[in-house]
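Just so it is clear, none of the values below were taken in a lab; they were calculated from the coordinates. Just so you know, these numbers come straight off a predicted model, no measurement behind them. Every residue, glycine among them, receives a Cβ derived from its backbone with ideal geometry; neighbour counts consider all protein chains shown.
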């Protein structure tokens, strides 16, 4: 058993819910966005526009909530532990990850054979996740620049002028959607390629036994099979 | 006391030109609405026009200078095509068009003299049609022994207001499109660069609608010019404040999801929405669908053509000219330019996404080959960094078995159901307090 135990402490229920909202909103936004770009399902067009705007607000507010919650909710700083710290600390550089930027890349590219001992989020993983709220906020802004009821507000009109008009803004909004799509490809791939235990935990809050890691001594200290051996 | 209806002097003038009072009042209403006023302001507009016209007989007309820059004269043409006799023409005939390269009967030296005199006496409106060309020292528009740029500076200095007529005058238009070898730009930007402070009103369009010009002239000259509400880029808000899509006669079909995907199709015959054919209505701001063209006979979308966005013009950015921004017209996006290569944004995006997807598939085979798909590779027993720098080691690797067991217990928690419930809100009682309770599920 190579991986660390997947405990609920890594993803408290509140973040399981925000993750669900993100997933649903992103998929709806992508599908309706394509419909708005070109009406290949003609009769869905009006509904698509309404849903697009609604879920745009949903994902933005969800993002704001998630950022605020990071300062109040406790999560595990690493895999394989039930110990918790305030969530925002797991988004800052952690001792468990120090000097590991390049090592993670090497691991991904098969240049390093064994799995790095790290925090809950590996270095490239954490950096890319940190871009997501930034992307969501910028995406929301570009969306508001294109939405007729808000496009003439000075805050949004200034941005439209800056990028060279509504067509440029549309193209930026469109390209950014592909950044989300590409992120989702990579994210889904990496989250599942070594087994679907992380997905079961993230979506269904289902725990999975594995190695136990101590975030204080930054090392693996044992194994927890969640009581499987005692049951049998 | 007047006890019988008498025709005013002005009515007589209208009648002599074959214009009914009713059609004149209709024009006044349109102008009022275009100026951002309520239609109820029509009598005020009428009275302003009337006074001005009566003034005309006394020689008090506002002079207008109409200069052509780098233009196709399309805006003048559009303007001159107004049918006679027509209320719009009445109004404009009654302005004193002191200088117009196309419309004035005079030419040469006497024309230039008339212009100089008008400039000297001041308080006139300058209508500038076409782009300003800074290239070649302004020599491309050399007239009467002076570069075109100098003519504009001279005429703008003393003007009450400058009207930049047509998209070329607003930001270079066609002239500003790639590669813009003549360094074309709009009037407002050029005057700002030349340090001339004069109010500029931008009326984009290719060509600009003559009725928009009438509306602006009436606002500037005859009504209190404060009535003319402008957008942040100095376009009349009543005309350029909303998108064409907002007021489109085919909007109902858009909402119903009834679209034209191909010219010559049944859908086209039914007059469905032209959005899939690249209509720029949703991103182009103007009242084309309300003002319409050629005496309100028709307009592009009514005639079956998707909007090509000819009113798109950012006065401070010749790069944001409507040609560059909207071509190819029938595609939903503009083309992007990479060197000499023109490419649709969708092609770039799909290619990139395809490459990433392919890379992930290849990587997946790598994962399979290295046996990482079942839980990943085994963990390193000691961090690479710690191995190389034992003096700065991050991890502690020399724990005794007891210490390990204790740490394992602390970290694995072994919680009761109740305690798990606390986790739902991310807060739970101190771990150490519970770690001896055991109670695995």
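Relative contact order of chain A, please, whole-number percent, based on alpha carbon pairs below 8 angstrom and at least 6 residues apart.
Working: 275 pairs, mean separation 64.2, N = 232.
Once normalised by length, the contact order is 28 percent.
Using 1/(1 + (r/R0)^6) with R0 = 60 angstrom and r between the beta carbons of residue B:181 and residue A:111, what's the FRET efficiency to the nearest 0.05? Please list the in-between numbers first.
Working: r = 51 Å, r/R0 = 0.85.
According to the calculation, E is roughly 0.70.
Have a look at the DSSP beta bridges in the protein assembly as shown and tell me what percent are antiparallel, nearest 5. Don't skip to the end; give the middle numbers.
On the way: 19 of 40 bridges.
If I count the DSSP bridges inside the protein assembly as shown, around 50 percent turn out antiparallel.
Sort B:25, B:292 by Cβ crowding within 10 Å, fewest neighbours at the top.
So the residues, fewest neighbours to most, are B:25, B:292.
Compute the convex hull volume of the Cα atoms of the range A:1-106, divide it by the residue count, and report the result per residue in Å³ as a whole number. Each step should come with its number before you reach the end.
Details: hull volume 17.1 nm³, N = 106.
Each residue corresponds to 162 Å³ of Cα convex hull volume.
Semi-axes of the equivalent ellipsoid for the range B:63-219, please: Cα gyration tensor eigenvalues, times 5, square-rooted, ordered largest first, whole Å.
22, 18, 15
What angle, in degrees between 0 and 90 and rounded to the nearest 10, separates the Cα long axis of helix A:166-192 from the longest principal axis of the Cα atoms of chain A?
The angle comes out near 20 degrees.
Ratio of Rg to Rh for the range B:178-316, alpha carbon only, Kirkwood? Working shown, then result.
Working: Rg = 17.4 Å, Rh = 16.7 Å.
Result for the range B:178-316 is an Rg/Rh of 1.04.
Rounded to the nearest 10 degrees, what's the angle between the helix A:154-163 long axis and the longest principal axis of chain A, both from Cα atoms, 0 to 90?
The helix A:154-163 is inclined about 90 degrees to chain A.
Hull surface divided by four, with the convex hull built on the Cα atoms of the range A:85-232: how many nm²?
Values: hull surface 51.6 nm².
Computed as one quarter of the Cα hull surface, the answer is 12.9 nm².
For a bin width of 5 Å, list the pair-distance distribution of the range B:265-378 built from all Cα-Cα distances, rounded to whole %.
Calculated P(r), rounded to whole percents: 2, 9, 13, 14, 13, 10, 8, 7, 5, 5, 5, 5, 2, 1, 1, 0.
What is the mean projected area of the alpha carbon convex hull for the range B:276-322, to one decimal in square nanometres? Kindly include the intermediate steps, with their values, before the conclusion.
Values: hull surface 15.3 nm².
The orientation-averaged projected area of the Cα hull of the range B:276-322 comes to 3.8 nm².
Hey, could you get me the Stokes-Einstein D for the protein assembly as shown, Kirkwood radius over alpha-carbon pairs, 20 °C and 1.002 mPa s, rounded to whole µm² s⁻¹?
Roughly 71 µm²/s, to the nearest whole number.
Can you pull the percent of Cα pairs in the range B:249-313 with separation above 18 Å?
Roughly 33 percent, rounded to a whole number.
Write down the Kirkwood hydrodynamic radius of the range B:317-418, to one decimal in angstroms, obtained as one divided by the mean of 1/r over all alpha carbon pairs.
Values: mean 1/r = 0.0486 Å⁻¹.
The Cα-based Kirkwood calculation yields 20.6 Å.
Neighbouring Cβ atoms within 10 Å as the yardstick, rank A:188, B:362 fewest first. Walk me through the numbers before you get to the answer.
Values: A:188 13, B:362 9.
Arranged by neighbour count, lowest to highest, A:188, B:362 become B:362, A:188.
Going by how many other beta carbons lie within 10 Å of each one, how would you line up B:383, A:66, B:22, A:98, fewest first?
Values: B:383 24, A:66 21, B:22 8, A:98 17.
Going from sparsest to densest Cβ surroundings: B:22, A:98, A:66, B:383.
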